[in-house]
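Student: Once you've had a glance at the structure underneath, I'll fire off some questions.
The values are calculated or read from the model by the stated rules, or taken from the named source; none is laboratory data. These numbers were taken from a predicted model, which means no experiment stands behind them. Neighbour counts are summed over all protein chains in view; Cβ atoms, including those assigned to glycine, are modelled from backbone coordinates with ideal geometry. Accessible surface areas use protein heavy atoms only, side chains included; no ligands, DNA or RNA. Shrake-Rupley method; radii C 1.70, N 1.55, O 1.52, S 1.80 Å.
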Amino acid sequence: MCRSEFYRGMSTHGQTALPSEMDALVVEEAGEWSIETVDTPEIDQTDNVLCKVETVSICGTDPKIFHGDVDGWPPSFPFTPGHEWAGTVVETGDDVSRLSPGDRVFAETHHGCGYCENCRNGKYNLCENYGDFDSGHRQIGHTSSGAYAEYIAAPADTLYHLPESISFTEGALLDVNAIALYLAERGNIGPAANVAVIGTGTVGLLAIQNAKALGAGNVIAIGSEDRNAVGADLGADHTIPYTDDDVVEQVLSLTDGVGVDVTLEAAGTSSSFSQAVTITRKGGTVSLDGIPKNNHQEIPMADLVTEEIEFRGCRAHANRAEASARLVENETVDVSALVTHEFSFDEFETAYETFVERRDGAIKVALHV
Ligand SMILES: [Zn+2]
Ligand SMILES: [Zn+2]
């Protein structure tokens, strides 16, 4: 049947003809997915902006969601993941005046309930009603339907205007850049501070740039050799292969024997947490984004206490989306350097394999929908 036969007619704004069905990546059950024809989502009171997805990139969290490795992500199958995206507004709910059809937008994942104490304090990333659909809480692509689809209905407050000078491909990375910015900010980076970044995945590579943006002096990246090379291109002053036996000694020798002022942890491995304590100077700060597989980890606790090292967790970010966009717009942060591969949406399988197998040095893999 021809696609046009599915057209449900003109939208409420009378500007765009919307197909009643669309292509979406559907994970039928843990570990089993394919692109299917599904109903085009409709807006409601919470998911009150319908967007055409233009670009969506694959996140390191996605394989965990695809395989049902994390409790509650998704709440149930079938499920459409995808949360690093940018697109064009197609239709808005009656209460939405900030956005109009045709607007270019980028997105963040967290939408708080809006009324719990944390949401009222602006910490909607720590919403007390996380995962409670009835409360209105959503985390796009995690607890509610995501952007591996032609269209997505999303809460208006998860969407931001995408500056003209920023492409959709870059726009899809503004949320993860906001996460890296938040990680760096929570490190309390002082002027010309020595900063170590453990882990050179997407967040680590962006954290290097955001640390510099916040005034860091020497940035030391600790990661795999190929990613360290990218980190050096993006501004790391020193790089250390994480496989070296003497990572701690190397950091100490680069910092007059005292350790770094700030460690940004973006690896989430067992060794990285204790290493973070050991390489951070007395009175320093460790800001953490990496989530370990096992909840309980061994760290040198006596050192943490007696050296007054501050450990600060980071849950995605709150309110850093627009700052993230400004840093990319004024070319302080280069997100496009991370995009190593681009595919069309129907090549999803190849794109996914390229990402998980890190084929040809894959870092960020973008899908154009
Ligand atoms: Zn993600
Ligand atoms: Zn809340």
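Student: So is Val365 open to solvent by 60 Å² or more (accessible area, probe 1.4 Å), over 30 Å from Gly283 (Cβ atoms), hydrophobic (A, V, I, L, M, F, W, C) and touching a residue at least 12 places away in the same chain (Cβ under 8 Å) or not?
Tutor: Values: open to solvent by 60 Å² or more (accessible area, probe 1.4 Å): no; over 30 Å from Gly283 (Cβ atoms): yes; hydrophobic (A, V, I, L, M, F, W, C): yes; touching a residue at least 12 places away in the same chain (Cβ under 8 Å): yes.
Here the answer is no, as Val365 does not meet what is asked.
Student: Considering only the stretch 87-108, how many residues are buried (at least 17 other Cβ atoms within 10 Å of the Cβ), farther than 12 Å from Ile43 by Cα and among the small types (Gly, Ala, Ser)?
Tutor: Final tally of qualifying residues: 2.
Student: Please identify the pairs in which a residue from the stretch 318-335 that is acidic (Asp, Glu) has its Cβ atom under 7 Å from the Cβ atom of a residue that is open to solvent by less than 60 Å² (accessible area, probe 1.4 Å), counting only partners at least 6 apart or on another chain.
Tutor: Glu322/Tyr160; Glu329/Pro163; Glu329/Ile166; Asp334/Gln209; Asp334/Leu234
Student: Now a separate question. Can you tell me which condition Thr158 does not meet? The list is (1) of a type in the set (Val, Ile, Thr); (2) more than 16 Å from ligand 2 (Cβ to nearest atom); (3) open to solvent by less than 10 Å² (accessible area, probe 1.4 Å), and all the others hold.
Tutor: (2)
Student: To continue, here is another question. Given the condition in contact with a strand residue (DSSP E or B) (Cβ under 7 Å, 6 or more places away or on another chain), under 28 Å from Asp244 (Cβ atoms) and part of a loop (DSSP other than H, G, I, E, B), answer yes or no: does some residue in the stretch 311-323 qualify?
Tutor: Step one: list which residues in the stretch 311-323 are in contact with a strand residue (DSSP E or B) (Cβ under 7 Å, 6 or more places away or on another chain), which gives 311-314, 316, 321-322.
Among the residues that remain, those that are also under 28 Å from Asp244 (Cβ atoms) are: 311-314.
Narrowing the set further to residues that are part of a loop (DSSP other than H, G, I, E, B) leaves 314.
Checked the stretch 311-323: at least one residue is in contact with a strand residue (DSSP E or B) (Cβ under 7 Å, 6 or more places away or on another chain), under 28 Å from Asp244 (Cβ atoms) and part of a loop (DSSP other than H, G, I, E, B).
Student: Of all residues in the stretch 275-298, which are at pLDDT below 95 and in a helix (DSSP H, G or I)?
Tutor: Those that are at pLDDT below 95 and in a helix (DSSP H, G or I): none in the stretch 275-298.
Student: Just the residues that are near ligand 2 (Cβ under 6 Å from one of its atoms), outside any helix (DSSP H, G or I) and crowded, with 18+ Cβ neighbours inside 10 Å, please, taken from the stretch 118-136.
Tutor: Selection gives Cys127 alone.
Student: Residues Thr332, Thr354, Thr340, Thr278: which one is open to solvent by 40 Å² or more (accessible area, probe 1.4 Å) and within 30 Å of Glu32 (Cα to Cα)? Outline the logic, then answer.
Tutor: Numbers: Thr332 fails: within 30 Å of Glu32 (Cα to Cα); Thr354 fails: open to solvent by 40 Å² or more (accessible area, probe 1.4 Å); Thr278 fails: within 30 Å of Glu32 (Cα to Cα).
The match here is Thr340.
Student: Before we move on, is Gly87 within 19 Å of Leu173 (Cβ to Cβ) and in contact with a Gly (Cβ under 6 Å, 6 or more places away or on another chain)? Let's see the steps before the verdict.
Tutor: On the way: within 19 Å of Leu173 (Cβ to Cβ): yes; in contact with a Gly (Cβ under 6 Å, 6 or more places away or on another chain): no.
No; evaluated as a whole, the condition is false for this residue.
Student: Please go through (1) touching a helix residue (DSSP H, G or I) at 6+ places or on another chain (Cβ under 9 Å); (2) open to solvent by 40 Å² or more (accessible area, probe 1.4 Å) for Phe168 and return the number of the only condition it doesn't satisfy.
Tutor: Unmet for Phe168, out of (1) touching a helix residue (DSSP H, G or I) at 6+ places or on another chain (Cβ under 9 Å); (2) open to solvent by 40 Å² or more (accessible area, probe 1.4 Å): (1).
Student: Restricting attention to the stretch 39-69, report how many residues are open to solvent by less than 40 Å² (accessible area, probe 1.4 Å) and within 16 Å of ligand 1 (Cβ to nearest atom).
Tutor: 11
Student: Of all strands (runs of 3 or more DSSP E) completely enclosed by the stretch 209-268, which ones contain at least 1 residues that are within 26 Å of Pro300 (Cβ to Cβ), touching a Phe, Trp or Tyr at 6+ places or on another chain (Cβ under 9 Å) and at pLDDT 95 or above?
Tutor: Details: elements: 219-223, 238-241, 260-265.
Because the criterion is at least 1 residues that are within 26 Å of Pro300 (Cβ to Cβ), touching a Phe, Trp or Tyr at 6+ places or on another chain (Cβ under 9 Å) and at pLDDT 95 or above, the strands (runs of 3 or more DSSP E) in the stretch 209-268 that meet it are 219-223, 260-265.
Student: Could you please find all residues in the stretch 118-149 being more than 16 Å from ligand 1 (Cβ to nearest atom) and free of Cβ contacts under 8 Å to residues at least 24 places away in the same chain?
Tutor: Of the stretch 118-149, the ones more than 16 Å from ligand 1 (Cβ to nearest atom) are 118-124, 126-129, 131-137, 149.
Result: Asn118, Cys119, Arg120, Asn121, Cys127, Glu128, Asn129, Asp132, Asp134, Ser135.
Student: Please go through the stretch 92-117 and give me each residue that is part of a strand (DSSP E or B), within 16 Å of ligand 1 (Cβ to nearest atom) and closer than 30 Å to Ala17 by Cβ, ordered by number. Reasoning before the result, please.
Tutor: Of the residues in the stretch 92-117, the ones part of a strand (DSSP E or B) are 92, 104-107, 110-111.
Those left that are additionally within 16 Å of ligand 1 (Cβ to nearest atom): 106-107, 110-111.
Phe106, Ala107, His111 - these are the residues of the stretch 92-117 that are part of a strand (DSSP E or B), within 16 Å of ligand 1 (Cβ to nearest atom) and closer than 30 Å to Ala17 by Cβ.
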